[in-house]
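Below is one structure; the comments refer to it alone.
The values are calculated or read from the model by the stated rules, or taken from the named source; none is laboratory data. Quick caveat, the model's predicted, so the values are computed rather than measured. Don't worry about glycine lacking a Cβ; one is built from the backbone with ideal geometry, like all the others, and counts go over all protein chains shown.
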Amino acid sequence: MPEFSIGVDLGGTNLRIAAVSRDGGLLEKVTLGTKVALGRDHVINEMCDAIQRLSSKYKSTGIFLGAGIGIPGIIDMQTGMLRKSANLPGFEDYPVRREIERRLGARVVLENDANLAALGEQWLGAARGIGNVAVVTLGTGIGGGIVLEGKIWHGMNGMAGEFGHVTVEPQGYLCGCGNHGCDERYASASAIMRMAREAIASGEAPSFAQAASSDPEFGAKSIYDLAIQGDERARQIFRSFGRYLGILLAGLINTLNLDMYVIGGGVSSAWDAYAPKMFEELRARSLVYAATAPDHPLGSSSSGKEEGASSQTESRTERKTVITLALLGSDAGLYGAARVAVPAG
Ligand SMILES: [Zn+2]
């Protein structure tokens, strides 16, 4: 009988659930709203009902291995409790895993959503077939995860992979975490908007001011469109973005020396606008990257996978550090959640 697991992505706005076969085939995907305002018990009831509906549907033809649940927050892996979650009020200091296990009568794994996105990309996405990878997710902030030999690296207590709070500018902008100059203040969607607002306020970017007044959806994508059309101020913003992302990656590469670094999240698709500066920075700041860079790294948005794949067959000394775009989009976390539910071995 084929085996399957259930992956859950419990976000602040959406609750997404997927049944996935053990070999990574999608059986079914469901999206529900997360009515966080109705309280913790409501969210947990709705989630357990949906997991049960989906698992009983596929139990007639397969063996249910368990459920993995991705949560935006810091999870104590020993107790299965949330230490901190800004988007899920009432979940802290509550035995989330034990409660869900009790209701489902199945194995349940709770995991940080960024860690699961990293595992998903390693299992079925950009880093498929590659054991050691770091995934940097560029969204409103910066998230991340490290996968070593196919397993999430949690660190001592589940807090590893906080790439967004690495200092890249010692005297820089204050971050919500209390530090100054965190990477997510310089290389995220909100950083792009901060730079755009500064440019508008200084009066040096009439093109931004015009776009802001005519486009109700004015955002990081609008600045990207301007950059691609050749707007110099917009291009400058993405060069700055690429520079700080390069500083972060140079540190990761020097520290970890992994096979692959995957860049995901909404803003990552602005690759053509930020990647040249990012690679320039990497070569200048990372001796490890300079020694292991592929010949044509800029092609890696399309051909990086091939470079990565071919490096597996080359001799050890010829292996290259590949930096490439994520492939699974927002489904990465869902696949990672299904994967983490599969018992090891
Ligand atoms: Zn910070």
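Modelled with pLDDT of 95 or more and surrounded by fewer than 19 Cβ atoms within 10 Å (Cβ to Cβ): does that describe A273? No: the conditions fail for A273. For segment 184-193, the count of residues that are over 24 Å from A117 (Cα atoms), out of contact with any Cys (no Cβ under 6 Å at 6 or more places or on another chain) and not acidic (D, E) is nonzero.
Contact map, segment 174-185: first residue on the phi > 0 side of the Ramachandran plot, second residue more than 7 Å from the ligand (Cβ to nearest atom) and modelled with pLDDT of 95 or more, Cβ cut-off under 8 Å, separation 6 or more or different chains; pairs are G181/T167; G181/V168; G181/E169; G181/P170; G181/Q171; G181/G172; G181/Y173.
If we scan segment 129-139, do we find a residue that is within 16 Å of the ligand (Cβ to nearest atom), more than 21 Å from I17 (Cα to Cα) and out of contact with any strand residue (DSSP E or B) (no Cβ under 7 Å at 6 or more places or on another chain)? For segment 129-139, residues within 16 Å of the ligand (Cβ to nearest atom), more than 21 Å from I17 (Cα to Cα) and out of contact with any strand residue (DSSP E or B) (no Cβ under 7 Å at 6 or more places or on another chain): present. Of all the criteria given as (1) surrounded by fewer than 20 Cβ atoms within 10 Å (Cβ to Cβ); (2) out of contact with any helix residue (DSSP H, G or I) (no Cβ under 6 Å at 6 or more places or on another chain); (3) closer than 24 Å to M159 by Cβ, the one not satisfied by L10 is (1).
Check whether at least one residue in segment 90-111 is surrounded by 16 or more Cβ atoms within 10 Å (Cβ to Cβ), without any contact (Cβ under 8 Å) to a residue 60 or more places away in the chain and within 16 Å of the ligand (Cβ to nearest atom), and report yes or no. No, segment 90-111 contains no residue that is surrounded by 16 or more Cβ atoms within 10 Å (Cβ to Cβ), without any contact (Cβ under 8 Å) to a residue 60 or more places away in the chain and within 16 Å of the ligand (Cβ to nearest atom).
The residues of segment 22-44 that are of a type outside the set (V, I, T) and within 17 Å of V109 (Cα to Cα) amount to a single one, R22.
Which ones in segment 50-93 are among the hydrophobic types (A, V, I, L, M, F, W, C) and farther than 17 Å from V108 by Cα? Walk me through how you get there before you give the answer.
The initial filter retains those residues of segment 50-93 that are among the hydrophobic types (A, V, I, L, M, F, W, C), namely 50-51, 54, 63-65, 67, 69, 71, 74-75, 77, 81-82, 86, 88, 91.
Result: A86, L88.
Here is a check on your reading of the model: is L27 buried (at least 17 other Cβ atoms within 10 Å of the Cβ) and hydrophobic (A, V, I, L, M, F, W, C)?
yes
Taken over segment 118-145, the criterion of being under 16 Å from G265 (Cβ atoms) and surrounded by fewer than 24 Cβ atoms within 10 Å (Cβ to Cβ) is satisfied by G139, T140, G141. Candidates in segment 152-163 are the residues that are touching a residue at least 12 places away in the same chain (Cβ under 8 Å) and of a type in the set (A, V, I, L, M, F, W, C); of these, the one that is nearest to the ligand (Cβ to nearest atom) is F163.
Before we move on, is S21 buried (at least 20 other Cβ atoms within 10 Å of the Cβ) and farther than 23 Å from G144 by Cβ? Spell out how you get there, then give the answer.
Details: buried (at least 20 other Cβ atoms within 10 Å of the Cβ): no; farther than 23 Å from G144 by Cβ: yes.
No; evaluated as a whole, the condition is false for this residue.
Among the criteria (1) aliphatic (A, V, I, L, M); (2) over 30 Å from D231 (Cβ atoms); (3) at pLDDT below 95, the one L298 does not fulfil is (2). The set of residues in segment 253-277 being closer than 15 Å to A220 by Cβ and assigned to a helix (DSSP H, G or I) consists of G266, V267, S268, S269, A270, W271, D272, A273, Y274.
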